[in-house]
Amino acid sequence: MGEPQDGLQLLLMGRVSVYDAGGTRLRQYGPGDAIGVRAAFEVHASTTAAVADEPCRTLTLTPAVRQRLEEDREQLMLDLYGYLLTAGADAAGPSDPDAG
C-alpha cells in the first residue's frame, strides 16, 4: 500500500487477498484474475495491499510492455482488453479501486 504499482498482475496460480488501509479484505483473487488493471497504463501508488494467501505465480504487464505489445501484437492486446473488460470488470467491484 502506498508503493508504486508498476504493472498489472495476471494471477496464474494461487490466491491473493486485497485489503484496504483499515485491514478490511475487499476481495480475493484466484487464477485467471487481473490485479491492478490501471497499473498496465500508468505507474501509480496503490491504495490497497495485496497479500498472497498461498504460493502464487503471476505475470506482470508493465505500461512499457503493454505499449510494445499494442504495436507488435495488436490482436493479442485486443483479446486481452476484451478479457479485462468482461472477466475483470465482472470481478472488480466499486470497493476495489486498484482493480480497474
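Maximal additional length on extending the residue 59-residue 1 stretch stands at 18.9 nm, based on 0.36 nm per residue less the C-alpha distance.
Among (i) 22, 14, 12; (ii) 19, 17, 15; (iii) 36, 14, 10, only one was calculated for this model; which label is it, if the read-out is semi-axes √(5λ) of the Cα gyration tensor in Å? Identified label for the calculated read-out: (i). Mind checking the angle between helix 63-72 and the chain's longest principal axis? C-alpha axes, 0 to 90 degrees, to the nearest 10. Taking Cα atoms only, the helix is inclined about 30 degrees.
A simple rule links phi to the HN-Hα coupling: the Karplus curve 6.51 cos²θ - 1.76 cosθ + 1.60 with θ = phi - 60°, which for region 45-52 gives 7, 6, 9, 10, 10, 9, 10, 5 Hz, with x for Gly and Pro.
Relative to the current alpha-carbon distance between residue 44 and residue 85, full extension at 0.36 nm per residue lengthens the span by 12.7 nm. Here the simple spin-label model places points 7 Å from the Cα toward Cβ, and for residue 19 and residue 75 these points are separated by 4.5 nm. In the chain, helical runs assigned H by DSSP with n ≥ 4 each contribute -39500 (n - 2.57); averaged across all residues and rounded to the nearest 500, the mean residue ellipticity at 222 nm is -6000 deg cm²/dmol.
Counting only protein heavy atoms and a 1.4 Å probe, the chain has 59 square angstrom of accessible area per residue.
The values are calculated or read from the model by the stated rules, or taken from the named source; none is laboratory data. Just so it is clear, the structure is predicted and the values come from calculations on it, not from any experiment. Don't worry about glycine lacking a Cβ; one is built from the backbone with ideal geometry, like all the others, and counts go over all protein chains shown. The area values use the complete protein model at the heavy-atom level, side chains included, leaving out ligands, DNA and RNA. Shrake-Rupley method; radii C 1.70, N 1.55, O 1.52, S 1.80 Å.
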